[in-house]
Amino acid sequence: MSRTLQASPGLAGAWAVTFVALSLLGLLGRTPHPWQPVSGAPLGELSQAQLSWVVGMLGLVTLAALAVGLASQVSRRVHVAGWLLVVTGVAVAVVVSDVRALAVLGYLPMILLALGGVGPAAGHLEWSLFTEDVVPLAHAAGGVAIAATGALTLARAGALAGRGGLDWSGWVRWTRPAVVVAAVVPLAYAATRIAWAAGVPLGISQETLDMLDSARFAGLGLALFACVGAWLTTGLVSRWGEVFWSWLPVLGGRPVPVSLAVVPGLFVAGAVMSAGLSFWAMVVVGGLSTVPGAVEDWAAWGPALLWPLWGVALAVATLGYLGRRLTRAVSEPAVRAGT
């Protein structure tokens, strides 16, 4: 198991302690509530105080499950704690987090360039980007760490019961079809944004395209980011996803660290699912008017409705990759020992 994955209990605990404290301070009136719900998000209709209660309770559940999972020697208790951590982690990464987490990830290259005074966003960054939009990103990261800790806890429960580690065969079996889905869905989104940047009003009216003006080039950046992500996803079933290309200096021919693929894969999967649920929530509550353009401009929001499918597929593909690498790491020494 990689050091990064082994660090997940500490990261999960850090998220829980931090956000329980922030929630408590907000509920006691010592500080403003540290949350700014966004319309259309899964929990966007809650007040700031209600969101503090939700986050605080999830943090307390995480701490309690961590304590049982790490300290108990009773396999059944550890098993329950493991599943509780998995469910809590998914809830934090997908439901508590929202579309802003994926937005920050998508615009990250542009943000970094703007901080250096380069690009169309230079001089136009607002502080709210860091105070409001980064919090959902922290929830996405914390949720992944909690869920990963749950998986480790389930493995510990199996060891205590004498059953060995987790059975990864099911995840490995679905890796290839999951990779296909996880690579195709972002390309469908990218196609519309590339068309807009080229001046083609694919899925939107010409008036909406004209209204976007230079913003369509920001969409081009997101499209290129999605294309790169789709290509990286294919690495989960490719040789270069396990061993660095031989022509790379220093790293060439060396095994790819498992965490280098698994951590970003699960992190993006959670952010994508959360963002997709936000768009579905907009459809249900009639909030599509907040998306630039008219409701009839299906390409402005339609591709995002496939994002939950993208997120699930990416999570399955990533877990299948993890299972294959872990199973191989265990079996190869056994084979060598028997020869």
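Quick notes
- Residue in segment 283-303 that is modelled with the highest pLDDT, counting only those that are surrounded by fewer than 23 Cβ atoms within 10 Å (Cβ to Cβ) and touching a Phe, Trp or Tyr at 6+ places or on another chain (Cβ under 7 Å): W301
- Residues within segment 19-59 that are assigned to a helix (DSSP H, G or I) and in contact (Cβ under 8 Å) with a residue 12 or more places away in the chain, tallied: 17
- Checked against the criterion of being in a loop (DSSP other than H, G, I, E, B), of a type in the set (S, T, N, Q) and out of contact with any strand residue (DSSP E or B) (no Cβ under 8 Å at 6 or more places or on another chain), segment 78-93 contains not a single residue that satisfies it.
- Residue tally, condition assigned to a helix (DSSP H, G or I) and modelled with pLDDT under 90, over segment 1-18: 5
- Looking at A183, A215, A178, A195, just one residue is over 30 Å from L326 (Cα atoms) and modelled with pLDDT of 90 or more, and that residue is A195.
- One residue stands out in segment 66-75 among those that are free of Cβ contacts under 8 Å to residues at least 40 places away in the same chain and part of a helix (DSSP H, G or I): the one that is nearest to L154 (Cα to Cα), namely V68.
- Residue that is modelled with the lowest pLDDT [pool: residues in segment 47-85 that are among the polar types (S, T, N, Q) and within 14 Å of T18 (Cα to Cα)]: S52
- Helices (runs of 4 or more DSSP H) lying entirely in segment 146-230 (those with 1 or more residues that are closer than 20 Å to A313 by Cα): 169-173, 175-197
- Residue within segment 208-222 that is β-branched (V, I, T) and either free of Cβ contacts under 8 Å to residues at least 24 places away in the same chain or touching a helix residue (DSSP H, G or I) at 6+ places or on another chain (Cβ under 6 Å) (or both) present: no
Okay, residues lined up against (1) at pLDDT 80 or above; (2) in contact with a helix residue (DSSP H, G or I) (Cβ under 7 Å, 6 or more places away or on another chain):
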| residue | (1), (2) |
| --- | --- |
| S23 | yes, yes |
| R30 | yes, no |
| P37 | no, yes |
| L43 | yes, yes |
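- Residue within segment 188-199 that is crowded, with 20+ Cβ neighbours inside 10 Å, under 22 Å from P264 (Cα atoms) and over 18 Å from the mean Cα position of the chain (by Cα) present: yes
The values are calculated or read from the model by the stated rules, or taken from the named source; none is laboratory data. In this text, all values refer to a predicted model and were calculated from it rather than measured experimentally. All Cβ positions, even for glycine, are placed from backbone atoms using ideal geometry, and neighbour counts span all protein chains on display.
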